[in-house]
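Notes to accompany the following structure.
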């Protein structure tokens, strides 16, 4: 990644918040790296070096600043649209792809060679895949040290470290002190206990249209599984055999406050990754808005909602089932069908909380279930069973390891999954920013001409060419306007 040295120095001299998360400053005289908004005295231009990511700075031997706390910078997807392979690789790393596997295995999932993947990461992020994974662990641990009262043992496992020894060695090497020394003295350590309750901030780059996000999730919330109350979204979750709940509401400046209740602390990084996917926290609104505003039809919509995000999905299988239920019916009807599916086949939450009592059915349950009692055409019942069977056969079916065309083709190979459903899954679960369900009736209706004539799917697809690589966001703006 090319960065103009003088321009970056001017940005840190002015502490310009527009550049927060876009690059990091390594100070040669101190060995630390900072955010552009760091309140410390601006170092001389000859004493700094700039990095595109925190991982690059850390891999170069710099340690995180204790004043500006790089772990609190917005984690921007600045590379999106530059390298889809890197973007998908980052998504898999965030979900723990390198916790038990190596870079070559990750590269194989992405359809490239290990050497090529390392080269792409170095080119676009300035760091290796291993360094990115390690930096994520360290910065999450540092965030937990500052924002929670968890004992250090629990911080280690909750941030993805496999052992206390490795955790202590990493912090001693990086900071020259044990991890406990980074926490302000005087507080009492509080264990997450059996419920595994942890509260932390999830940062984003403003603006953020929280009202639109809540409206979207509220309209689709399945009774007893999800709920939106006031300004808070909550739901039940299950990872493996463990179950719990999460809730998210507005937090501090440019952040959401997440409360996770889950008995297995080591699952926290994956839970955070899923929450970031649900709320589209890696998006950088500025380039998306500027690009879409070039279209006269989208310009007023973008101006009205500059912080609009594409709502993601908590679980790929759940989203696929809900998408099938929603084929050719209204959002409300699909929600009611999903509620019935949960009531008939979903598990019970062992510790109910605030109206959250059920878990979404598991793939193996629906794959072997008799779905004939559901009030829908037999073809759609068969599609539900086919999706469940496909996930049982391939648990990674909904992971972000393929490009858009290949991902859509793989989904359409499942009986009952058509173009609209596949693109919708790619848009919300795979987080592919150029996914676009061109056959969506709502999009056609919104773009009807003055005489009420709607464009065909082909015409809509042609119109959307100028919206690349952000067609998913264009679709969201059109849906929101309706």
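The values are calculated or read from the model by the stated rules, or taken from the named source; none is laboratory data. What you see is a predicted model, and the numbers here were worked out from it, not measured in a lab. Glycine gets a Cβ as well: all are built from the backbone with ideal geometry, and neighbour counts include every protein chain shown.
Check 393, 422, 426 and return the single one that is surrounded by fewer than 21 Cβ atoms within 10 Å (Cβ to Cβ) and without any contact (Cβ under 8 Å) to a residue 24 or more places away in the chain.
Of 393, 422, 426, the one residue that is surrounded by fewer than 21 Cβ atoms within 10 Å (Cβ to Cβ) and without any contact (Cβ under 8 Å) to a residue 24 or more places away in the chain is 393.
Looking at the stretch 234-269, which of the residues that are part of a helix (DSSP H, G or I) and in contact with a helix residue (DSSP H, G or I) (Cβ under 8 Å, 6 or more places away or on another chain) is farthest from residue 400 (Cα to Cα)?
So the first thing to find is which residues in the stretch 234-269 are part of a helix (DSSP H, G or I), and the list is 265-269.
From what is left, the residues that are in contact with a helix residue (DSSP H, G or I) (Cβ under 8 Å, 6 or more places away or on another chain) are 265-266, 268-269.
Details: 265: 24, 266: 21, 268: 19, 269: 17 Å.
It comes out as 265.
Scan the stretch 418-441 residue by residue and report those that are over 25 Å from residue 97 (Cβ atoms) and in a loop (DSSP other than H, G, I, E, B).
Answer for the stretch 418-441, where residues must be over 25 Å from residue 97 (Cβ atoms) and in a loop (DSSP other than H, G, I, E, B): 418, 436, 437, 438, 439, 440.
Conditions tested, residue by residue: (1) within 19 Å of residue 363 (Cβ to Cβ); (2) at pLDDT below 95; (3) out of contact with any strand residue (DSSP E or B) (no Cβ under 6 Å at 6 or more places or on another chain).
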{"residue": "294", "(1), (2), (3)": "no, no, yes"}
{"residue": "297", "(1), (2), (3)": "no, yes, yes"}
{"residue": "308", "(1), (2), (3)": "no, no, yes"}
{"residue": "317", "(1), (2), (3)": "yes, no, yes"}
{"residue": "320", "(1), (2), (3)": "yes, no, yes"}
{"residue": "328", "(1), (2), (3)": "no, yes, yes"}
{"residue": "337", "(1), (2), (3)": "yes, no, yes"}
{"residue": "342", "(1), (2), (3)": "yes, no, no"}
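Restricting attention to the stretch 145-162, report how many residues are assigned to a helix (DSSP H, G or I) and either surrounded by 24 or more Cβ atoms within 10 Å (Cβ to Cβ) or not assigned by TED's automatic domain parsing to the domain that holds residue 106 (or both).
3
Which strands (runs of 3 or more DSSP E) sit wholly inside the stretch 1-72 and have at least 2 residues that are within 24 Å of residue 182 (Cα to Cα), outside the structural domain of residue 123 (by TED's automatic domain parsing) and free of Cβ contacts under 8 Å to residues at least 40 places away in the same chain? Give the derivation first.
Details: elements: 24-27, 32-34, 48-51.
Those strands (runs of 3 or more DSSP E) span 24-27, 32-34.
Scan (1) modelled with pLDDT under 95; (2) part of a helix (DSSP H, G or I); (3) surrounded by 13 or more Cβ atoms within 10 Å (Cβ to Cβ) for the single condition residue 181 breaks and write down its number.
(3)
If I filter the stretch 127-140 down to residues being crowded, with 22+ Cβ neighbours inside 10 Å and over 21 Å from residue 155 (Cα atoms), which single residue comes out as nearest to the chain's Cα centre (by Cα)?
This residue is 129.
Which of (1) touching a helix residue (DSSP H, G or I) at 6+ places or on another chain (Cβ under 8 Å); (2) surrounded by fewer than 17 Cβ atoms within 10 Å (Cβ to Cβ); (3) closer than 30 Å to residue 253 by Cβ; (4) touching a residue at least 60 places away in the same chain (Cβ under 8 Å) is the odd one out, the single condition residue 354 does not satisfy?
With (1) touching a helix residue (DSSP H, G or I) at 6+ places or on another chain (Cβ under 8 Å); (2) surrounded by fewer than 17 Cβ atoms within 10 Å (Cβ to Cβ); (3) closer than 30 Å to residue 253 by Cβ; (4) touching a residue at least 60 places away in the same chain (Cβ under 8 Å) applied to residue 354, the lone miss is (1).
Can you tell me which condition residue 99 does not meet? The list is (1) in a helix (DSSP H, G or I); (2) touching a helix residue (DSSP H, G or I) at 6+ places or on another chain (Cβ under 9 Å); (3) over 16 Å from residue 402 (Cβ atoms), and all the others hold.
It is condition (1) that residue 99 fails.
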